[in-house]
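The values are calculated or read from the model by the stated rules, or taken from the named source; none is laboratory data. All values derive from a computational prediction rather than experimental measurement. Quick reminder, even Gly has a Cβ in these numbers, built from the backbone with ideal geometry, and neighbours come from all protein chains shown. Heavy atoms of the whole protein, side chains included, go into the accessibility calculation; ligands, DNA and RNA do not. Shrake-Rupley method; radii C 1.70, N 1.55, O 1.52, S 1.80 Å.
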Amino acid sequence: MTLPTFPGPIDRPRRLRTSTAMRSLVREHTLRPADLVLPMFVREGATENRPVSSMPGVEQHTLDSLARAATEAVERGVGGVMLFGVPEHKDAVGSGATDPEGILNRALARLRSELGDSTVIMADLCLDEFTDHGHCGVLDDAGRVDNDATLGRYREMALAQAEAGAHLLGPSGMMDGQIAAVRDALDSAGHQDTAVYAYTAKYASAFYGPFREAVDSSLQGDRRTYQQDPANGREALRELELDVAEGADLVMVKPGLPYLDVLREISGASPVPVGAYQVSGEYAMIEAAAANGWIDRDRTVLESLLAFRRAGASTVLTYYASEVAGWYRDGLPPHLHEFL
Ligand code: PBG
């Protein structure tokens with residue numbers, strides 16, 4: 001049988017894809033360096049940087065190398081830096097987190113004195129790097145993470161970080177009431193202008209694997225009694241409602257690419273700016289595949305970051321922040337022009 005001639009489709013979306021100029025004209029989302037936030041690790045007592053083997057290109061910094069790398073990132077135009085401390089000594093209550101001489105607080109003070117208000121200096125507000133058991137809070141007699149006792153520690157930690165000079169605090173421990181507790185502590189001490197970046201939907205994820213190496217984590221077991229179950233989407237909206245009511249200035253979804261659906265929902269519902277965190281495991285997967293020659297690294301990096309923007313993130317925490325900001329500053333090479 002001879003088929004009749006098909007007259008061809010009426011609608012031709014390909015028209016808008018015919019040339020670089022046409023594609024550029026209709027491009028909905030773009031990236032700019034200021035959309036990107038660089039997470040950084042600083043190690044107490046270190047005299048030289050240590051590479052994180054599962055995150056090629058990422059290091060545990062000394063105070064000096066932290067200041068240099070942060071300054072470079074800021075000169076390239078990143079939107080901010082998020083600091084994580086790796087202390088020399090840990091204990092049950094994470095004393096190093098609230099000690100003004102603790103590594104994270106010293107690093108915050110150093111960056112604030114060198115960078116002032118030229119960027120947004122963010123602090124991870126969580127005990128896990130500082131506790132000998134590795135949990136994000138303090139434990140009760142039965143060894144469970146004690147929500148309300150932990151809030152007391154977060155309040156002290158918030159003050160220490162604000163006093164050290166952090167502009168934006170990121171409570172990442174997923175304790176109930178943590179935003180209200182921290183906000184109240186800040187306000188009572190006259191830190192009304194210190195902002196709070198709520199880790200609103202933070203899942204108990206296997207994608208944090210390499211981060212545990214990056215902070216020399218002591219954790220045995222898991223965080224499933226406080227971080228969210230990866231199977232659940234609806235409760236992210238409940239967490240959003242609570243965090244906003246408690247005074248969150250920004251909210252975050254974490255991890256990133258595996259949770260774009262959650263990001264989309266939160267960005268649709270949130271009255272405050274929304275961020276996403278491309279976590280250590282996401283970084284490690286891109287690096288490992290690229291090292292094997294299986295993907296085009298640079299395009300994959302930008303495509304992944306653009307996906308966050310498309311899904312509704314105003315700001316993206318990524319270990320690629322400084323590098324990518326440098327690409328934009330120097331002018332993207334031709335094979336990356338689709339990301340202009
Ligand atoms: C907790 C914290 C974690 C990450 C950021 N903050 C680890 C965890 O919850 O176990 C993970 C970040 C990453 O994987 O890149 N302080």
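Of all residues in the range 218-234, those satisfying the criterion of being closer than 15 Å to I266 by Cβ and in contact (Cβ under 8 Å) with a residue 12 or more places away in the chain are Q228, G233. In this structure, M174 qualifies as within 16 Å of the ligand (Cβ to nearest atom) and open to solvent by 10 Å² or more (accessible area, probe 1.4 Å). Flag set for R234, criterion: away from the ligand (no atom under 13 Å from the Cβ) and either among the charged types (D, E, K, R) or more than 14 Å from the chain's Cα centre (by Cα) (or both). Quick one: would you say L240 is among the aliphatic types (A, V, I, L, M), open to solvent by less than 60 Å² (accessible area, probe 1.4 Å) and more than 16 Å from the ligand (Cβ to nearest atom)? Spelling it out, L240 is indeed among the aliphatic types (A, V, I, L, M), open to solvent by less than 60 Å² (accessible area, probe 1.4 Å) and more than 16 Å from the ligand (Cβ to nearest atom).
The residues of the range 51-69 that are closer than 21 Å to N105 by Cβ, in contact with a strand residue (DSSP E or B) (Cβ under 9 Å, 6 or more places away or on another chain) and open to solvent by 40 Å² or more (accessible area, probe 1.4 Å), listed by number, are E59, R68. Does T98 meet the test of being touching a Lys or Arg at 6+ places or on another chain (Cβ under 8 Å), touching a residue at least 40 places away in the same chain (Cβ under 8 Å), open to solvent by 10 Å² or more (accessible area, probe 1.4 Å) and among the β-branched types (V, I, T)? Here the answer is yes, as T98 does meet what is asked. Quick check on A195: is it small (G, A, S), within 19 Å of the chain's Cα centre (by Cα) and within 16 Å of the ligand (Cβ to nearest atom)? Against the criterion (small (G, A, S), within 19 Å of the chain's Cα centre (by Cα) and within 16 Å of the ligand (Cβ to nearest atom)), A195 does not qualify. Checked against (1) open to solvent by less than 30 Å² (accessible area, probe 1.4 Å); (2) part of a loop (DSSP other than H, G, I, E, B); (3) basic (K, R); (4) out of contact with any Cys (no Cβ under 7 Å at 6 or more places or on another chain), K202 passes all but a single condition, namely (2). The set of residues from the range 273-297 being without any contact (Cβ under 8 Å) to a residue 40 or more places away in the chain and in contact with a helix residue (DSSP H, G or I) (Cβ under 6 Å, 6 or more places away or on another chain) comprises I286, A290, I295, R297. Condition first: under 20 Å from the mean Cα position of the chain (by Cα), farther than 24 Å from A46 by Cα and touching a residue at least 60 places away in the same chain (Cβ under 8 Å). Can you find one or more residues in the range 140-160 that meet it? The answer is no, given that none of the residues of the range 140-160 is under 20 Å from the mean Cα position of the chain (by Cα), farther than 24 Å from A46 by Cα and touching a residue at least 60 places away in the same chain (Cβ under 8 Å). Consider the range 70-95 and keep the residues that are part of a helix (DSSP H, G or I) and closer than 30 Å to W327 by Cβ. The one that is most open to solvent (accessible area, probe 1.4 Å) is E75. Is it fair to say L186 is open to solvent by less than 60 Å² (accessible area, probe 1.4 Å) and over 24 Å from E101 (Cβ atoms)? No, not satisfied. Here V324 clears all of (1) within 29 Å of V26 (Cα to Cα); (2) in contact with a helix residue (DSSP H, G or I) (Cβ under 9 Å, 6 or more places away or on another chain); (3) open to solvent by 40 Å² or more (accessible area, probe 1.4 Å) except the condition numbered (3). Based on what the data block shows, is A158 modelled with pLDDT of 95 or more and within 16 Å of the ligand (Cβ to nearest atom)? In short, yes.
Would you confirm whether any residue within the range 208-215 is within 30 Å of M55 (Cα to Cα), hydroxyl-bearing (S, T, Y), open to solvent by less than 30 Å² (accessible area, probe 1.4 Å) and in contact with a helix residue (DSSP H, G or I) (Cβ under 8 Å, 6 or more places away or on another chain)? Yes - at least one qualifying residue is present in the range 208-215.
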